[in-house]
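The values are calculated or read from the model by the stated rules, or taken from the named source; none is laboratory data. This structure is a prediction, so every number in the text was calculated from the model and none was measured. Cβ: placed from backbone, ideal geometry, glycine included. Neighbour counts: every protein chain shown. Accessible surface is based on the protein model in full, side chains and every heavy atom, while ligands, DNA and RNA are left aside. Shrake-Rupley method; radii C 1.70, N 1.55, O 1.52, S 1.80 Å.
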Amino acid sequence: MDERWTENLHYSSIYIVDAIQAIKIIRKLTHAHFSTLIDDDWKKYSISYDKYGELNFELFVPVYYNHPHAHKDYIDGILESWKKSG
C-alpha cells in the first residue's frame with residue numbers, strides 16, 4: 001500500500017452506498033481470514049507499507065486498529081468546514 005496505489009482508486013467518484021457496502025464486506029472477509037490464523041502465522045505473514053515498512057500481522061493489527069476512526073475524524077472535519085461555509 002502506498003500513496004500511488006490509493007490515488008489511483010479515485011475515491012471521489014465512488015457512490016457512497018457502494019463504498020459503505022464494500023467496507024462492510026472487507027471487514028467481514030478480514031475477520032474471517034484473521035479467525036483462521038494460527039499463532040505462528042501472526043509473525044510469518046507481513047504487509048509492506050511505505051510509511052511503516054514491513055509489518056507482520058502481529059504489528060499491523062495494533063497500528064491499524066484506529067484507522068477507521070482517522071477517516072471518521074477527517075470526514076467530520078470536512079462536514080464541519082462545509083457547515084461553517086454555508
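General remarks:
- Helix 67-85 and the longest principal axis of the C-alpha atoms of the chain enclose an angle of approximately 10°.
- Spatially close Lys pairs in the chain, defined by Cα atoms under 21 Å apart and a spacing of eight or more places or different chains, total 6.
- For the stretch 33-86, size of Cβ-based charge dipole, Lys and Arg +1, Asp and Glu -1, in debye: 320
- Only Lys, Arg, Asp and Glu carry charge here, each on its Cβ (+1 for the first two, -1 for the last two); on that basis the stretch 1-47 has a dipole of about 180 debye about its Cα centre.
- Fraction in percent of alpha-carbon pairs per bin - 5 Å, the chain: 3, 10, 13, 22, 21, 14, 8, 4, 2, 1, 0
- Heavy atoms of the protein chains alone define the surface here; on that basis the chain has 91 Å² accessible area per residue at 1.4 Å probe size.
- Working note: Karplus 6.51/-1.76/1.60 with θ = phi - 60° gives the stretch 55-64 the couplings 10, 6, 4, 4, 8, 5, 4, x, 5, 9 Hz, where Gly and Pro are set to x.
- Fraction of accessible area attributable to carbon and sulfur, the chain (%, probe 1.4 Å): 60
- The stretch 7-52 shape via C-alpha gyration tensor axes, a/c threshold 1.5: oblate
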